[in-house]
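Worksheet: one structure, shown below.
The values are calculated or read from the model by the stated rules, or taken from the named source; none is laboratory data. On a predicted model such as this, the values are computed, not experimentally measured, just so you know. Methodologically, a virtual Cβ is constructed for each residue, glycine included, from the backbone with ideal geometry; neighbour enumeration extends over all protein chains shown. What goes into the accessible areas is simple: the full protein's heavy atoms, side chains included, and nothing from ligands, DNA or RNA. Shrake-Rupley method; radii C 1.70, N 1.55, O 1.52, S 1.80 Å.
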Amino acid sequence: MTEENYTSALLAFVRREFLADSGDQALTATTPLIESGILDSLRIAVLMAFIRDEFAVHVPLAKIDAKNFADIRTIAAMLHEESVVEAGRA
């Protein structure tokens, strides 16, 4: 899966799950997720479940931090990197 595929899927998920009630659909790949209040600890857990179920990518606990979850583009890049690492182990 490409970074662009991850980005599209993540944007759709975040809009649907976290922004549907707010009417705020101005989310972009570079919208700051934590700073804007879109992501908090509970929503990161929900997002991690989506990532696990939808993409079957394991994100190491050490990578679950504000730096790696700053915006959709950063998350997509991390997922792409992790999927390449996992494929190399297989």
Original post:
Which FRET efficiency value, to the nearest 0.05, is calculated for Asp40 and Arg89 with the Förster distance at 35 angstrom and r the Cβ-Cβ distance?
Top reply: 0.65
Original post:
What is the calculated FRET efficiency for Ala20 to Arg52, with r their C-beta to C-beta distance and R₀ = 22 Å, to the nearest 0.05?
Top reply: 0.55
Original post:
Got a number for carbon plus sulfur as a percent of the chain's accessible area, 1.4 Å probe?
Top reply: 55 percent
Original post:
GluC sites (Glu not before Pro) within the chain: which are DSSP loop residues with at most 12 other Cβ atoms inside 10 Å?
Top reply: Glu35
**OP:** Mind checking which of Leu42, Thr7, Ala26 is farthest towards the positive end of segment 2-53's charge dipole, using Cβ charges of +1 (Lys, Arg) and -1 (Asp, Glu) about the Cα centre?
**Re:** Leu42
